[in-house]
Amino acid sequence: DPLACQSNFVAVDIGPLGLTTDEALARLREAGVLLSRLRPGVLRAATYLGVDDDMIAAAIELVPRALEARVGA
């Protein structure tokens, strides 16, 4: 039940983007966003107490930009 469950992470499937996990992580790191590997083709975006709403809003803008260059390639 999603309403009863609270989590601090989101899985990001990069398979459709044509990027390897390492390529995606490098692009994100260059953009200033640190994600980790959940499993091949899937990244993990996690928060902790030091991450505020402004940081999350910035990541929401930066992640698509960092990964979009390969969309449709």
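Some notes on this structure:
- Condition check for Val51: assigned to a loop (DSSP other than H, G, I, E, B), among the β-branched types (Val, Ile, Thr) and modelled with pLDDT of 90 or more: no
- Of all residues in segment 10-19, those being surrounded by fewer than 16 Cβ atoms within 10 Å (Cβ to Cβ) and in contact with a Leu (Cβ under 6 Å, 6 or more places away or on another chain) number 1.
- Complete set of residues in segment 20-29 that are closer than 16 Å to Glu68 by Cβ and crowded, with 16+ Cβ neighbours inside 10 Å: Ala24, Leu25, Arg27, Leu28
- In segment 30-53, residue farthest from Arg65 (Cα to Cα) [restricted to those that are under 10 Å from the mean Cα position of the chain (by Cα) and open to solvent by 90 Å² or more (accessible area, probe 1.4 Å)]: Arg37
- Filter pass, Ser7 being at pLDDT 95 or above, among the hydroxyl-bearing types (Ser, Thr, Tyr) and exposed (fewer than 14 other Cβ atoms within 10 Å of the Cβ): no
- If you filter segment 19-37 down to residues that are part of a loop (DSSP other than H, G, I, E, B) and of a type outside the set (A, V, I, L, M, F, W, C), you find that the one that is farthest from Glu61 (Cα to Cα) is Thr20.
- In the set Pro40, Pro16, only one residue is in contact with a helix residue (DSSP H, G or I) (Cβ under 8 Å, 6 or more places away or on another chain), over 12 Å from Val63 (Cβ atoms), modelled with pLDDT under 95 and not polar (S, T, N, Q); that residue is Pro40.
The values are calculated or read from the model by the stated rules, or taken from the named source; none is laboratory data. Source: prediction; values computed, not measured. Reconstructed Cβ throughout: ideal geometry from the backbone, glycine too, with neighbour counts over all protein chains shown. To get the accessible areas, we keep the full protein, side chains included, count just its heavy atoms, and leave off ligands, DNA and RNA. Shrake-Rupley method; radii C 1.70, N 1.55, O 1.52, S 1.80 Å.
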